[in-house]
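Some notes on the structure that comes next.
The values are calculated or read from the model by the stated rules, or taken from the named source; none is laboratory data. Keep in mind the model is a prediction, meaning the values are calculated, not measured. With ideal geometry, Cβ positions are generated from the backbone for all residues, glycine too; neighbour counts draw on all protein chains shown.
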4 protein chains.
Amino acid sequence: MSQISLADLNAASKADFVAALANVVEYSPWIAEQLAAKRPFAGINELHAALMAAIQSAEPDVQLALIRAHPDLADKTQRAAGLTAESTDEQNSAGLDRLSEAEYAAFERANGAYRDKFGFPYIVCVRRHTRDSVLRDFETRLLNIAKTETRRAIEEIGRISALRLDQLVMADDRLKVHGRLSTHVLDNHIGKPAPGVPIELVELASLGESRIIARAVTNADGRTDQPLIGGRPLPIGRYELRFRVAQYYAERNVPLSDPPFLDEIPLRFAISEPESHYHVPLLVTPWSYSTYRGS
Amino acid sequence: MSQISLADLNAASKADFVAALANVVEYSPWIAEQLAAKRPFAGINELHAALMAAIQSAEPDVQLALIRAHPDLADKTQRAAGLTAESTDEQNSAGLDRLSEAEYAAFERANGAYRDKFGFPYIVCVRRHTRDSVLRDFETRLLNIAKTETRRAIEEIGRISALRLDQLVMADDRLKVHGRLSTHVLDNHIGKPAPGVPIELVELASLGESRIIARAVTNADGRTDQPLIGGRPLPIGRYELRFRVAQYYAERNVPLSDPPFLDEIPLRFAISEPESHYHVPLLVTPWSYSTYRGS
Amino acid sequence: MSQISLADLNAASKADFVAALANVVEYSPWIAEQLAAKRPFAGINELHAALMAAIQSAEPDVQLALIRAHPDLADKTQRAAGLTAESTDEQNSAGLDRLSEAEYAAFERANGAYRDKFGFPYIVCVRRHTRDSVLRDFETRLLNIAKTETRRAIEEIGRISALRLDQLVMADDRLKVHGRLSTHVLDNHIGKPAPGVPIELVELASLGESRIIARAVTNADGRTDQPLIGGRPLPIGRYELRFRVAQYYAERNVPLSDPPFLDEIPLRFAISEPESHYHVPLLVTPWSYSTYRGS
Amino acid sequence: MSQISLADLNAASKADFVAALANVVEYSPWIAEQLAAKRPFAGINELHAALMAAIQSAEPDVQLALIRAHPDLADKTQRAAGLTAESTDEQNSAGLDRLSEAEYAAFERANGAYRDKFGFPYIVCVRRHTRDSVLRDFETRLLNIAKTETRRAIEEIGRISALRLDQLVMADDRLKVHGRLSTHVLDNHIGKPAPGVPIELVELASLGESRIIARAVTNADGRTDQPLIGGRPLPIGRYELRFRVAQYYAERNVPLSDPPFLDEIPLRFAISEPESHYHVPLLVTPWSYSTYRGS
């Protein structure tokens, strides 16, 4: 997606402005038309706030039409018929394009039950979720009343549009839509950062396969050169970080038992705040370790 | 197996003494006959030391016959034909009666290769091992020369006989043949032991299925009423202790994130010293934990 | 003080019973007289409960007389004139016989203010206190109303009498009047308990000198042969445990920086529950350490 | 001291160059004269390396004169007579201007003994030391032979001149002459950085008074806005960081015992590498804490 500056958006003709923002909210050009009249925007946060105000002050039937303009999650027929490019990318980010038949079936049942109860599709900002957490969210939200779900759907449209704006528009300020997951290995045996420790990050799944989503090796400062997840929301879900510490110590000729008391150390934790920084360090000796949610 | 006191053994007729010790070493009554003449024994450690001395001072061909009197590990034909009750129990303790076809095949290959190279069966004190560590031990020992393996075989016969003596003979002293695995959950959030934490102990397997080998719930002192493994050697191998801490904190109304940052905490470690005490505690808050090899 | 069995107390003549318990409550034989009629007691807890019931059901003027039968704390004139042996021992236990002139003056002021306000002496079970915590307790209780202080005085008389009974009477059950302070040094550098670590326990004082109240060296299990404090209440107050870890590591030829990053490690903590078990361990490497309130 | 750029030094007349560097090495303009001919220097590290080469290749009697041009440490008579401004600042940095009479006496004895043995003054880069570590260094170096001490004196002159060059000359590169001491308070009770924790850094002294050398309060990220020591070498010595954690928890209404189990936590450690980064964090709950040498 090519980017456009906020200055250019502020200066554009109404038609160009509406065209540029066409896909920020699915099939709903009336929002961009309202925003055009509110220009200039001092920043991207102001632009997004105006967008939310436009939706929240719309008549109920207009809001409902907006919600209904969204596709079902992980729906095969709709995918075959074609989603917007944005929807496709987003659904793929959570692995919704790689579901097993059983998982498709689970999503289909959930979609059907939701539509039956509320009369509109279940909307969620999938970039903030793993497959596991989407299914949990489905279950929770199915218990709500319609009024609550209308509000929730608009909230999620707000999150989806914020992420799309963040990708589309360059401005001096940034929307707070990204999180960061980092780690650090401290070798308490020698009182120094541990370089060269192989690390895997696994997304744990209740249904279907857990999968490795990042691999890294610690650098001279015991950290990874890049965050394990960065530049995007942290998907809500359960994870496991695995550190190959026996290999690290063996390479440094530290005497270990056979088999080594600690070999691959798993740190299992969950992410619940997609826009936060999670620092999950490992303090380690051949005989002990600790971890904590750091900053 | 019914027990007999060392005093009774010391006082028994030679025939009764030899009969009582018949199965301490497989099909080798000559050892008990020699021991009968060395009576009285001041303790069970002295008895076992005499047994080892008898074997170690035997002529090479007698030692070889002793080694050859042992069955192959996990051999289906021999099991069908009948092992001594002691051998059967011991092999079952390591799960050798629950092998998959693939695992049987692996053991058969290893047995064959070992017999081909050394001309006698591979002997190991299986109560000190998991399936994983037996296969690793096989691989390592296949690389030895025959002389080393004769010595190793006698060592293992010594360990097997020590465990059988420990079960058979009551004395004032004890052989050092048992280990102990214990844990302790300390709740650093309130500065007290954590009661009511569900714990599972899993034996990890490279080949075949990992399996839960103990379940417990912590008592008022944050410990388990019984050691997780006790009263027997700790099988060499890799393990995982799992503590359900989110459940523990939720029951105490401690505010947690959703999903909780820490839910089921896995501590993965290996045992390499079957006759030692391994204490693997968990110090925990909803946001941090640590462990170490304790005592 | 020579001990007497509960059985003998139950069987004694009334006169002997009263004589035996004469000093359990200061100058108040009427209590023992009442208790004599309630015999036999099934245990020492039942005996002490009866004693408390006798005091609590006495008329207000009798209670007041009982309270007034107690000496002032740390009062020089009364000490010169002679306290009961029990009072003298108890006051000395908290170091009240080693006060500086300034401290005597502080106690005298506090005693005077308390007597002026309430018309009776300040009573506290000094075996449960350090000098620091007695002075803090004085300050807090001076703010109470008279009714509260009458109740508090009786509570403290109850604690004093429980400790005196515990020393005097042998029974099958025990009063819960003792605490225990213990430690444990775990060397995470080698995954074993740390033997031979010199330890000091210091009672910290705001007013006057801090003083070393126990010294020990860790044994093969990383513990001390005796608890640091045991067989008596843990005096409420602030403490520091000091562990000479650089010496320990140097003796084991572990490479250290010069000067060593960690040399003498101080763990500073407070005791607030005199009848509890405080376990304050040290988990240590040459580059890290941790502690926690354990059990 | 006003600064000068390396470019200007490279372009200056020889006389101006020598004048500019006059005080980099005490009373020894011949060094600057030699350096003038080696211009241009690509960076400040190259300049300092050339300076060291000039000294190291000088004749022994010239080196000796250079060493003798330095003042005694903490010498009252010389201070009264006037040191270079640089020497005065440096000696004051280690608190050598605030010595008690007893400490002056100790330094005088050490100076005298050193001069008697070697025939030249003891030289040390005092900015890298505390009073304690200077006295320890004195004792160690007094045991050396003269040849070793000549080498050590030149090393120290190298460190002194590096620090003076660092202050005097602006260049694109930097000499590695500074260290950094930082901390971080992580509240494991809530899984977040701890803001608002009052911290003191104390330099511990064996002889004379320990003194508070920095105070700070943690910011929203649990860190201090400025490093506790930064922009200069970390003086070799023993330190204590003190964290007022009971105050922190009380302000957040976390239930604490009375007195609180942990109130002011002291972390005692030593610095041995003045040009390194020492990170000494505190991971804390009301009932536990840990620290480690971090990065």
Within region D:246-255, of all residues that are out of contact with any Gly (no Cβ under 9 Å at 6 or more places or on another chain) and surrounded by 15 or more Cβ atoms within 10 Å (Cβ to Cβ), the one farthest from the other protein chains (Cβ to nearest Cβ) is D:Ala250
**Message:** I'd like to know if region C:147-155 contains one or more residues that are buried (at least 23 other Cβ atoms within 10 Å of the Cβ), part of a strand (DSSP E or B) and of a type in the set (A, V, I, L, M, F, W, C).
**Reply:** no
Condition set among the acidic types (Asp, Glu) and without any contact (Cβ under 8 Å) to a residue 40 or more places away in the chain, scope region C:142-173, selection farthest from the other protein chains (Cβ to nearest Cβ): answer is C:Glu149
Considering residues that are part of a helix (DSSP H, G or I) and surrounded by fewer than 17 Cβ atoms within 10 Å (Cβ to Cβ), the number found within region C:23-33 is 3
Q.
Whether any residue in region C:230-245 is within 14 Å of chain A (Cβ to nearest Cβ), of a type in the set (A, V, I, L, M, F, W, C) and over 30 Å from C:Phe107 (Cβ atoms) is what I want to check.
A. yes
Here the residues within region C:194-210 that are surrounded by 13 or more Cβ atoms within 10 Å (Cβ to Cβ) and either closer than 16 Å to C:Gln247 by Cα or of a type in the set (D, E, K, R) (or both) are C:Ala194, C:Pro195, C:Gly196, C:Val197, C:Pro198, C:Ile199, C:Glu200, C:Glu203
In region C:195-234, anything free of Cβ contacts under 8 Å to residues at least 40 places away in the same chain, of a type in the set (S, T, N, Q) and closer than 28 Å to C:Leu135 by Cβ is listed as C:Ser210
Within region D:102-141, the residues that are crowded, with 17+ Cβ neighbours inside 10 Å, within 14 Å of another protein chain (Cβ to nearest Cβ), part of a helix (DSSP H, G or I) and of a type in the set (S, T, N, Q) are D:Ser133
So, first residue free of Cβ contacts under 8 Å to residues at least 24 places away in the same chain in region D:48-61, second residue of a type in the set (Lys, Arg) and surrounded by fewer than 16 Cβ atoms within 10 Å (Cβ to Cβ), Cβ within less than 6 Å, six or more apart or across chains; the pairs are D:Ala50/D:Lys38
Quick count over region D:251-268, residues being in a strand (DSSP E or B) and under 21 Å from C:Glu273 (Cβ atoms), is 2
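Would you confirm whether any residue within region B:38-46 is free of Cβ contacts under 8 Å to residues at least 12 places away in the same chain, out of contact with any Gly (no Cβ under 9 Å at 6 or more places or on another chain) and assigned to a loop (DSSP other than H, G, I, E, B)? Can you show your working first?
Initially, region B:38-46 is screened for residues free of Cβ contacts under 8 Å to residues at least 12 places away in the same chain, giving B:42, B:46.
This time we only want the ones that are out of contact with any Gly (no Cβ under 9 Å at 6 or more places or on another chain), so: B:42, B:46.
When the remaining residues are screened for being assigned to a loop (DSSP other than H, G, I, E, B), the result is B:42.
Within region B:38-46 (the criterion being free of Cβ contacts under 8 Å to residues at least 12 places away in the same chain, out of contact with any Gly (no Cβ under 9 Å at 6 or more places or on another chain) and assigned to a loop (DSSP other than H, G, I, E, B)), the answer is yes, since at least one residue qualifies.
Across region D:180-191, what is the total count of residues that are touching a strand residue (DSSP E or B) at 6+ places or on another chain (Cβ under 8 Å) and either of a type in the set (A, V, I, L, M, F, W, C) or without any contact (Cβ under 8 Å) to a residue 40 or more places away in the chain (or both)?
4
Looking at C:Thr285, C:Thr218, can you tell me which residue is more than 10 Å from every other protein chain (Cβ to nearest Cβ), under 27 Å from D:Leu283 (Cβ atoms), surrounded by 21 or more Cβ atoms within 10 Å (Cβ to Cβ) and of a type in the set (S, T, N, Q)? Write out each step before concluding.
Values: C:Thr285 fails: more than 10 Å from every other protein chain (Cβ to nearest Cβ).
Matching residue, one of C:Thr285, C:Thr218: C:Thr218.
Do we have any residue at all in region D:1-22 that's in contact with a Ser or Thr (Cβ under 7 Å, 6 or more places away or on another chain) and either surrounded by 14 or more Cβ atoms within 10 Å (Cβ to Cβ) or among the acidic types (Asp, Glu) (or both)? Explain how you work it out, then say what you get.
Step one: of region D:1-22, the residues in contact with a Ser or Thr (Cβ under 7 Å, 6 or more places away or on another chain) are none.
The answer is no; no qualifying residue exists.
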Note on B:Ser210: of the conditions (1) away from every other protein chain (no Cβ under 14 Å); (2) under 30 Å from B:Tyr114 (Cα atoms), unmet is (1)
The condition from (1) out of contact with any strand residue (DSSP E or B) (no Cβ under 6 Å at 6 or more places or on another chain); (2) touching a residue at least 24 places away in the same chain (Cβ under 8 Å) that C:Ala15 misses is numbered (2)
Contact list, first residue from region B:256-268 and more than 7 Å from chain A (Cβ to nearest Cβ), second anywhere and in a loop (DSSP other than H, G, I, E, B), beta-carbon distance below 8 Å, six or more apart or interchain, is B:Leu256/B:Pro286; B:Leu267/B:Val280
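Suppose we filter region B:192-213 for residues that are among the aliphatic types (A, V, I, L, M), within 30 Å of D:Phe261 (Cα to Cα) and either not in a loop (DSSP other than H, G, I, E, B) or not assigned by TED's automatic domain parsing to the domain that holds B:Arg232 (or both); how many remain? It would help to see each step written out before you state the result.
To start, the set of residues in region B:192-213 that are among the aliphatic types (A, V, I, L, M) comprises B:194, B:197, B:199, B:201-202, B:204-205, B:207, B:212-213.
If we keep only those that are within 30 Å of D:Phe261 (Cα to Cα) as well, we get B:194, B:197, B:199.
Then keep just the ones that are either not in a loop (DSSP other than H, G, I, E, B) or not assigned by TED's automatic domain parsing to the domain that holds B:Arg232 (or both); that gives B:199.
Within region B:192-213, residues that are among the aliphatic types (A, V, I, L, M), within 30 Å of D:Phe261 (Cα to Cα) and either not in a loop (DSSP other than H, G, I, E, B) or not assigned by TED's automatic domain parsing to the domain that holds B:Arg232 (or both) number 1.
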- Might you let me know whether region A:86-98 holds any residue that is closer than 29 Å to A:Ala205 by Cα, crowded, with 17+ Cβ neighbours inside 10 Å and among the hydrophobic types (A, V, I, L, M, F, W, C)? yes
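Out of the residues in region A:269-282 that are assigned to a strand (DSSP E or B) and crowded, with 20+ Cβ neighbours inside 10 Å, state the one that is farthest from the other protein chains (Cβ to nearest Cβ). Write out each step before concluding.
Of the residues in region A:269-282, the ones assigned to a strand (DSSP E or B) are A:269-271, A:277-279, A:282.
Checking the rest, the ones that are also crowded, with 20+ Cβ neighbours inside 10 Å come to A:269-271, A:278, A:282.
Values: A:Phe269: 6, A:Ala270: 4, A:Ile271: 8, A:Tyr278: 9, A:Leu282: 10 Å.
Of everything passing the filter in region A:269-282, A:Leu282 is farthest from the other protein chains (Cβ to nearest Cβ).
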Query raised in the report: Are any of the residues in region C:174-196 away from chain A (no Cβ under 14 Å) and over 25 Å from the mean Cα position of the chain (by Cα)?
Result: yes
